[in-house]
Amino acid sequence: MKTTGVFYFISAVSIIGAHWTHPLFTFNGQTSTEWQYVRLTTNRWTGDPLQDVSDNQMRCYHQAIPVTSTASVSAGSTVSFSVNSVIGHPGGLMFYMAKVPSGKTINSFDGSGNVWFKIYQDAPTYDSNGTPHWATLGATSVSVKIPSCIPAGDYLLRVEFIAVHGSSTLGGAQFYISCAQVKVTGGGSKNPTGLVSFPGAYSATDPGILYNLYNWPQVIYPSISLQFL
């Protein structure tokens, strides 16, 4: 089993060196220009990940709220973030949403407070040898369905990828994060519970953040409940 795992890692070397951002947003069958609906991130020039889970940039990976347009999306529709290169590391993908609170506008809301709820997460599949296979490794875009039951309104839609190739050491996990501004139309009246904050939702020692990729243990992601699947 160990030999198989080492072979898998070596075979992926050609694509696991890249860093990336998520500047493009696709909805209603149309793809935006770069950063049209996605808030401009701190790493827009370098692609460097965030590695401190206590940093306020864990919200949307920006230091100040940039001027960004808002995409009108239907509840129940599927939207996508495209990367500027390729998802070049093994790891887990998650999506969160946060409804803009009363008294705020989407252009003034920084994502602070207990406002975030998780709508999607993935995990690797394992073959008969116990070797993990990562669905997003090498991908150029990732998609999620907007829950059909959430109320209409303005939301931040947060994509988060946790790269685990260096996460066997404390602070070694790499977070690739972006937020799109969306106006959800249609929908229902189900409000999420168990809301979390960023920072605050994660600890540096959470399983799946402090994680030894090369021993092939089962991935256990931070214990934030999924809602509205």
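Brief remarks follow.
- Neighbour-limited loop hits for chymotrypsin sites (Phe, Trp or Tyr not before Pro), segment 30-68 (at most 10 other Cβ within 10 Å; DSSP other than H, G, I, E, B): Trp45
- Spatially near lysine pairs across the chain, Cα under 27 Å, sequence gap of 8 or more or different chains: 13
- On Cα atoms only, tilt of 2-11 relative to the major axis of the chain in degrees: 60
Read-outs: derived from the displayed coordinates by stated rules, not from any lab. For clarity, every value in this text was computed on a predicted model and none was experimentally measured. Virtual Cβ from ideal backbone geometry, glycine too; neighbours counted across all protein chains shown.
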